[in-house]
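Here's the structure, in structure tokens; my notes come after.
The values are calculated or read from the model by the stated rules, or taken from the named source; none is laboratory data. Worth saying up front: this structure is predicted, and the values here are computed from it rather than measured. No Cβ is skipped: glycine too gets one built from the backbone with ideal geometry, and neighbour counts run over all protein chains shown.
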């Protein structure tokens with residue numbers, strides 16, 4: 001018995017050490033299964049292979065694997081994170097990848113290039129031999145997003161100050177500062193969803209209060225767009241002002257679907273639309 005009163009355990013034998021290495025290798029391999037599962041689900045979804053037995057990907061996952069839609073898409077997103085992070089070329093990141101879906105999950109909130117950047121920061125923080133946990137990754141992601149939001153708010157405040165009335169600039173500054181305060185409390189008193197939905201609705205209503213607001217990228221037409229149409233492509237664009245998806249028709253940009261309740265809902269529908277090869281002729 002040790003001085004602390006704890007029972008001292010015997011050292012591992014050579015056979016036990018070998019067995020321990022084998023078991024830990026098996027654990028690492030099984031943890032990596034989330035990556036292979038995510039890849040498989042992504043291909044089934046993207047290629048619509050589920051149509052052999054089901055009308056939708058969600059029904060397929062539920063019936064065959066008892067897997068909810070959200071769970072399936074988390075696996076897919078985590079697999080995409082693994083692919084993005086595995087492209088790290090720095091020595092600090094060599095061989096160090098998320099070992100489970102929980103570690104990859106926070107990174108799904110970032111764009112692909114930022115996923116690798118934030119993961120690298122976690123690796124550099126703990127060192128090559130350090131212990132990486134899901135909570136450390138979550139903390140790093142929150143830190144990055146917090147810095148990004150703060151920078152965005154400060155830039156918006158300066159732009160408003162330079163281009164609007166003093167009264168509007170003062171009110172906008174107070175409002176945007178309050179958003180930062182709500183974020184510090186983890187949106188405890190006012191939910192992030194409520195803020196986003198309110199701003200989306202206000203933006204949509206303002207867009208209809210007067211003449212149509214054209215996006216600069218589409219004013220006056222585009223030679224590249226005309227070439228794509230002649231090649232047989234259908235052209236779509238997501239209109240953030242009216243929360244609708246528009247299609248390039250004979251009379252210009254016409255409403256195709258919407259209006260959606262939120263920008264995210266519209267972007268999800270737009271992504272699904274672009275994955276459908278029925279809009280490519282020839």
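Test residue 1 against the stated conditions and say whether it is modelled with pLDDT of 85 or more and either part of a helix (DSSP H, G or I) or surrounded by fewer than 10 Cβ atoms within 10 Å (Cβ to Cβ) (or both). So residue 1 fails the test.
Within the range 137-180, can you find the residues that are over 23 Å from the mean Cα position of the chain (by Cα) and closer than 30 Å to residue 103 by Cβ? Listed by number, the list is empty, since nothing qualifies. Evaluated against (1) under 30 Å from residue 46 (Cβ atoms); (2) assigned to a helix (DSSP H, G or I); (3) modelled with pLDDT of 85 or more, residue 272 falls short on exactly one condition, (3).
Yes or no: the range 148-158 includes at least one residue that is within 18 Å of residue 79 (Cα to Cα), out of contact with any strand residue (DSSP E or B) (no Cβ under 6 Å at 6 or more places or on another chain) and buried (at least 16 other Cβ atoms within 10 Å of the Cβ). Lay out the reasoning, then the answer.
The initial filter retains those residues of the range 148-158 that are within 18 Å of residue 79 (Cα to Cα), namely none.
No, that holds for no residue.
If only residues of the range 183-205 that are surrounded by fewer than 11 Cβ atoms within 10 Å (Cβ to Cβ) and in a helix (DSSP H, G or I) are counted, the one that is nearest to the chain's Cα centre (by Cα) is 184.
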